[in-house]
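Worksheet: one structure, shown below.
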Amino acid sequence: MIESPHKKLEAWKKSMDLVEDIYKVSKSMPTEEKYGLISQMRRAAVSVPSNIAEGAGRRTIPKFINFLSISIGSLSELDTQVELSFRLKYINEDSYSILLNKIDKCKALTYGLRKKLM
């Protein structure tokens with residue numbers, strides 16, 4: 001079986017780990033947020049590796065760069081949602097710090113990949 005090219009990218013791997021973390025943390029959030037903040041956080045998180053994969057699959061550098069930019073936007077959106085979750089006391093300080101560090105790491109990797117392609 002041939003491995004998809006995006007699966008070799010560190011930005012994709014780390015963002016997949018981030019998705020798992022978001023799903024785990026959001027399980028303990030209030031059920032009334034199921035269709036609100038939880039849904040938004042999960043969709044933003046899933047968007048990151050999905051757009052990296054889609055961009056890599058397009059096989060042109062300009063399109064890949066565009067999809068990387070979308071991933072960066074989703075990371076910024078997720079950053080805001082994690083901040084809001086912390087302010088509303090839906091997540092504790094440890095989870096908040098861990099998630100922000102992982103988001104920052106994913107942003108750095110994605111920015112780096114985009115810069116390398118430009």
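For segment 14-71, the spread of Cα positions along the three principal axes, ordered from largest to smallest, is 42, 19, 13 Å.
At full extension, residue 10 and residue 116 could sit 36.8 nm farther apart than now, given 0.36 nm per residue minus the alpha carbon distance.
Taking a 26 Å limit on the Cα-Cα distance, which of the listed pairs 27/115; 27/63; 7/89; 8/115; 13/89 fall beyond it? Where the Cα-Cα span goes over 26 Å, the pairs concerned are 27/115; 27/63; 7/89; 13/89.
Sparse packing (at most 12 other Cβ atoms within 10 Å of the Cβ) combined with a DSSP loop state is found for the following trypsin sites (Lys or Arg not before Pro) in segment 1-74: 27, 34, 59. Here the convex hull built on the C-alpha positions of segment 4-118 has a volume of 85 cubic angstrom per residue.
For segment 69-118, pairs of C-alpha atoms spaced more than 16 angstrom apart make up 41 percent of the total. Treating r as the C-beta distance of residue 34 and residue 58 and R0 as 41 Å, the FRET efficiency rounds to 0.75.
Against the chain, whose longest principal axis is taken from its Cα atoms, helix 93-117 shows a tilt of about 20°.
Applying 1/(1 + (r/R0)^6) with R0 = 22 Å to the Cβ-Cβ distance of residue 20 and residue 104 gives a FRET efficiency near 0.80. In a reduced charge model with +1 at each Lys and Arg Cβ and -1 at each Asp and Glu Cβ, segment 1-95 shows a dipole moment near 400 debye about its Cα centre. Among the protein heavy atoms, those of residue 65 account for about 30 Å² of accessible surface (1.4 Å probe, every chain in place).
Specify the angular offset, from 0 to 90 degrees and rounded to the nearest 10, of the alpha carbon long axis of helix 37-58 from the longest principal axis of the alpha carbons in the chain. So the helix axis and the longest Cα principal axis differ by about 10 degrees. For residue 14, the aspartates and glutamates whose Cα falls under 13 Å of its own Cα, not counting residues fewer than eight places away in the same chain, are 104. A probe of 1.4 angstrom, applied to the heavy atoms of all protein chains, finds residue 60 with accessible area near 60 square angstrom.
The values are calculated or read from the model by the stated rules, or taken from the named source; none is laboratory data. Here the structure is a predicted model, which is why all the values come from computation and not from measurement. Because the Cβ atoms are built from the backbone with ideal geometry, glycine has one as well, and the counts that use them run over all protein chains shown. With ligands, DNA and RNA removed, areas are computed over all heavy atoms of the protein, side chains included. Shrake-Rupley method; radii C 1.70, N 1.55, O 1.52, S 1.80 Å.
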